[in-house]
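Taken together, the values in this text are just the output of simple stated rules run on the coordinates, not laboratory data. All of these numbers come straight from a predicted model, not from anything done at the bench. Glycine gets a Cβ as well: all are built from the backbone with ideal geometry, and neighbour counts include every protein chain shown.
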Amino acid sequence: MGILYEDVVLIKEAEKAGDHTVITVNCPDKTGLGCDLCRIILLFGLSIARGDVSTDGKWCYLVFWVVGKPTTRWNLLKKRLLEVCPTCLPAASRIYYYRPEFQQRKPSDVFLLKFWCCHDQKGLLHVVTEVLCELELTIKRVKVSTTPDGRVMDLFFVTDTRELLHTEKRQAETIDHLKAVLGDAMMSCEIEPVGPEIAACSPGSSFLPSAIKEEMFSLELPSERPNESLASNISVTMDNSLSRSHTLIQILCRDHKGLIYDIMRTLKDYNIQVSYGRFFANPSGNFEVDLFIMQVDGKKVVDPDKQNALCSRLRMELIRPLRIDMVSRGPDTELLVANPVELSGRGRPLVFYDITLALKLLNTQIFSVEIGRHRIHDREWEVYRILLDEADGCSLPRKEIKECVRKKLMGWD
């Protein structure tokens with residue numbers, strides 16, 4: 001007996017407003033599958049209200065209750081979820097099993113999307129980012145600058161989820177969508193392939209002052225300011241007494257956008273397997289998570305140092321899933337946002353989308369943008385440097401801008 005490929009992922013849409021859409025995944029297991037699925041759910045702008053996960057180490061069954069949107073493309077979501085599920089191949093005995101070698105995929109080709117606009121406007125970058133997200137183009141790096149005469153040059157280094165950007169038809173579709181939203185403001189637009197090294201991690205991080213690096217990228221818990229970081233509202237505990245073969249992790253914290261993804265990506269980076277899990281938002285508005293885990297060798301986490309390291313990392317990732325700061329760059333103000341990158345090389349999705357949306361809502365102009373990857377403290381980060389345009393004299397207090405961006409990224413608006 002086997003399972004039909006199209007039945008690996010099933011989506012039951014909500015019947016009425018206020019109900020949850022139920023996503024069911026039934027497929028061979030692999031370490032990090034929960035992280036990969038949660039990342040795609042986050043990429044489609046959905047929030048997880050509840051979930052159940054179970055596996056015997058070979059086959060898994062996952063159910064997510066999600067809050068959808070009227071614009072959610074459910075068929076496309078199913079397709080993207082199927083792509084990260086391990087392939088089921090029939091053996092001679094007609095039993096379906098997982099062959100890891102068939103899951104290997106070559107890195108996506110990187111393309112440079114370059115266009116000029118005759119004038120800048122508030123919200124321009126968010127509009128462009130929204131179009132690229134709708135087209136399933138993943139932004140790897142961005143370089144945006146404004147000339148003295150007000151023209152804007154945008155350089156977007158992107159990959160195509162559909163793997164079609166090398167074709168004239170796909171390029172024409174992209175340019176047409178940009179023209180539709182930018183209108184006469186767009187002077188020219190070109191798309192060309194570039195080498196994969198463009199999106200690679202930068203060898204150094206000298207572009208940031210050392211004081212900022214120590215404060216912003218510290219891997220230590222900010223215990224000296226627990227109220228500011230919400231550390232006092234987060235509980236992470238481990239228990240080895242409830243199961244002969246598994247360690248129980250219990251988490252209680254305030255909900256935020258991508259919460260389950262942040263937990264799963266941390267466990268994936270530690271090569272931890274989740275055998276059974278349940279998570280849900282309780283009536284008080286907090287999120288409760290119970291996960292029965294084991295190491296990749298099939299053993300419990302019994303070493304006190306490993307337990308402390310894992311608990312500390314989980315607490316830190318829940319307290320500061322993203323790093324945000326406002327700094328002076330000469331006479332100007334720069335917004336810095338740092339997004340931790342998984343060991344697999346992928347960063348949290350929609351970060352730039354949320355940043356540009358927050359600044360658009362604040363009616364704050366962007367003068368220039370740089371996005372690059374840098375290795376700091378032996379960890380890779382996606383760093384967003386946004387230089388704000390304060391020439392119109394309508395600049396807001398830094399604390400207000402920082403808090404608005406943080407709330408948008410955390411989904412607390």
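Annotation: amide H of T87 within the under-5 Å range of R99, sequence separation 5 or more or interchain, hydrogens built in the peptide plane. Relative contact order for the range 229-319: 36 percent, from Cα pairs under 8 Å spaced at least 6 residues apart, divided by residue count. Under 20 Å from a label point set 7 Å out along the Cα-to-Cβ vector of A281, the amide N atoms of the range 236-275 belong to 251-264.
Straight-line cross-link reach from K169 at under 19 Å between alpha-carbon atoms covers these lysines, not counting any fewer than eight positions away in the same chain: K114, K179. Amide H to amide H distances under 5 Å link D255 with F287, where only residues 5 or more positions off or on other chains count and H is placed in the peptide plane. Taking label positions 7 Å along the Cα-Cβ direction at both E83 and S245, the computed distance is 3.4 nm, reported to one decimal.
Here the Gaussian network model covers the chain, with springs between Cα atoms less than 10 Å apart; of P193, P397, P321, P397 fluctuates the most. For the chain, a simple Cβ point-charge model (Lys and Arg +1, Asp and Glu -1, everything else neutral) yields a dipole of about 780 debye relative to the Cα centre.
If you average 1/r over every pair of different alpha-carbon atoms in the chain and take one over that average, what Kirkwood value in Å do you get?
Result for the chain stands at 22.9 Å.
Highest-first packing order for the peptide set 59-68, 380-389 is 380-389, 59-68, based on the mean count of other beta carbon atoms within 10 Å.
Averaging the sequence gap over all C-alpha pairs within less than 8 Å and six or more residues apart, then dividing by the number of residues, gives the chain a relative contact order of 17 percent.
What is the helix-to-structure angle for 74-84, meaning the angle in degrees between its Cα long axis and the longest Cα principal axis of the chain, kept from 0 to 90 and rounded to the nearest 10? Once rounded, the angle reads 70 degrees.
Does the range 308-394 come out rounded, prolate or oblate, given a ≥ b ≥ c as the square roots of the eigenvalues of its C-alpha gyration tensor, rounded meaning a/c under 1.5 and, failing that, prolate meaning a/b above b/c?
Working: a/c = 2.22, a/b = 2.12, b/c = 1.05.
Since a/c reaches 1.5 and a/b is larger than b/c, the shape of the range 308-394 is classed as prolate.
Simple spin-label estimate for H119 and D325 gives 3.7 nm between the two label positions (7 Å along the Cα-to-Cβ direction from each Cα).
Each part reduced to its alpha carbon centroid, the range 39-67 and the range 281-356 end up 18 Å apart.
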